[in-house]
Amino acid sequence: EIIEARAAEILEMVQTDIKRSGYDGLLPAGVVLCGGVAQLPGVGELAREMLGLPVRVGRPQNLVGLVDRISGPAFAVAAGLMGWGLTIDAYRPSPKEGPSLGRRIQEWLRALLPG
């Protein structure tokens with residue numbers, strides 16, 4: 001009962017934040033529960049009732065390695081942030097390519113020494 005009351009309190013805060021953000025009524029795909037709370041029995045149904053939205057449990061995807069240890073919803077946020085961090089490198093502009101240091105030294109020496 002204590003855990004359910006605390007979960008309901010957290011979901012009330014989520015509902016308040018959704019309204020405050022201006023997305024109230026604009027989330028037809030619903031919400032994704034992540035973290036340890038997503039593993040609580042009945043929390044999905046409670047969230048569905050309180051928020052009036054579809055609810056699903058988030059799980060990490062496209063992982064390799066110790067997948068059996070990190071495949072639960074408790075790792076969904078961490079895995080998602082790491083995946084996102086890997087993709088932002090693709091959007092970072094590459095430094096302007098110019099002559100290498102060796103090439104610049106070579107050109108400098110040619111300018112100093114007669115031909």
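Bear in mind that the values in this text are calculations on the coordinates, not laboratory data. Predicted model only: the values in this text are computed from it and were never measured. Glycine gets a Cβ as well: all are built from the backbone with ideal geometry, and neighbour counts include every protein chain shown.
Which of the three applies to the chain, rounded, prolate or oblate, going by the alpha-carbon gyration tensor with a ≥ b ≥ c and a/c under 1.5 meaning rounded?
Cα axes put the chain in the prolate bin.
Can you give the longest stretch of the chain with no exposed loop site, where a site means GluC sites (Glu not before Pro) in a DSSP loop (not H, G, I, E or B) with at most 15 other C-beta atoms within 10 Å?
2-96
Starting from 0.36 nm per residue, how many nanometres of slack lie between Arg110 and Thr87 once their C-alpha separation is accounted for?
Gain on stretching Arg110 to Thr87: 4.0 nm.
As a check on your grasp of the helix formula, calculate [θ] at 222 nm for the chain: sum -39500 (n - 2.57) over DSSP H runs of n ≥ 4, divide by the residue count, round to the nearest 500.
Calculated mean residue ellipticity at 222 nm is -15500 deg cm²/dmol.
Taking only complete DSSP H runs, can you tell me which helices of the chain stretch 24 Å or more along their own long axis by Cα positions and average at least 0.0 on the Kyte-Doolittle scale?
Counting only whole DSSP H runs, the qualifying helices are 2-21.
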